[in-house]
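The values are calculated or read from the model by the stated rules, or taken from the named source; none is laboratory data. On a predicted model such as this, the values are computed, not experimentally measured, just so you know. Here the Cβ is made from the backbone with ideal geometry for all residues, glycine too, and neighbour counts use every protein chain on show.
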Amino acid sequence: MRADDELSIGDLASRTGLSVSAIRFYETKGLVTPRRNAGGQRRFLRADVRRLSFVLIAQQLGFSIDRIRRQLDRLPEGRTPTARDWAGISRAFRRELDERIGRLTRLRDNLDGCIGCGCLSLRKCALYNPLDRAARLGSGPRYLMGDRADPDPA
């Protein structure tokens with residue numbers, strides 16, 4: 001391995017915007033695995049910049065560190081991941097993000113109407129949730145959770 005393929009922890013911190021302590025934390029969680037040089041200093045692969053950037057983005061999107069680690073474990077060891085490798089771990093996140101976007105869109109579009117929560121405080125509730133029929137579907141804001149108003153009260 002060439003020396004310019006490796007980064008010190010300080011260089012990695014500078015490139016990612018993370019603190020050195022944050023990088024050490026991510027190391028303890030198995031998200032990056034540096035090697036040690038003869039002097040015991042951590043040496044990270046240049047590809048770890050992307051790994052940690054992925055971690056930051058995934059955390060901002062609400063994914064747990066454990067979930068992120070499981071995805072990163074799918075990347076190859078001993079070589080820099082390719083675009084194809086990254087596409088593979090992105091597919092599962094993409095599906096979940098699409099589901100979240102759908103839920104957020106429903107929330108945005110329907111929050112001002114009857115949401116099937118059972119409060120019956122809006123005039124629309126008498127039309128969409130008469131006598132709180134949504135309660136049969138479970139607790140919470142049933143219509144925002146994806147259930148449909150039942151047009152047939154029987």
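Couple of notes before you dig in:
- Within region 2-31, the set of residues being touching a Leu at 6+ places or on another chain (Cβ under 7 Å) and β-branched (Val, Ile, Thr) comprises Thr16, Ile23.
- Of the residues making up region 34-50, those that are free of Cβ contacts under 8 Å to residues at least 12 places away in the same chain and either among the acidic types (Asp, Glu) or out of contact with any strand residue (DSSP E or B) (no Cβ under 6 Å at 6 or more places or on another chain) (or both) are Arg36, Ala38, Gly39, Gly40.
- Of all residue pairs spaced 6 or more apart or on separate chains, those with beta-carbon atoms under 6 Å, a first member in region 130-142 that is in the same structural domain as Cys119 (by TED's automatic domain parsing) and a second member that is surrounded by 16 or more Cβ atoms within 10 Å (Cβ to Cβ) and assigned to a helix (DSSP H, G or I) are Arg142/Ala134.
- Test: residue in region 137-148 that is surrounded by 11 or more Cβ atoms within 10 Å (Cβ to Cβ) and in a helix (DSSP H, G or I): yes
- Condition broken by Ser53, with the remaining ones in (1) part of a helix (DSSP H, G or I); (2) more than 19 Å from the chain's Cα centre (by Cα); (3) among the hydroxyl-bearing types (Ser, Thr, Tyr) satisfied: (2)
- Leu18 part of a loop (DSSP other than H, G, I, E, B), modelled with pLDDT of 95 or more and out of contact with any strand residue (DSSP E or B) (no Cβ under 6 Å at 6 or more places or on another chain): yes
- Against the list (1) in a helix (DSSP H, G or I); (2) closer than 20 Å to Glu77 by Cβ, the condition Arg24 fails is (2).
- Taking residues in region 107-124 that are over 13 Å from Leu144 (Cβ atoms), and partners anywhere that are among the hydrophobic types (A, V, I, L, M, F, W, C), the pairs with Cβ atoms closer than 6 Å and at least 6 places apart or on different chains are Leu122/Cys114; Lys124/Cys114.
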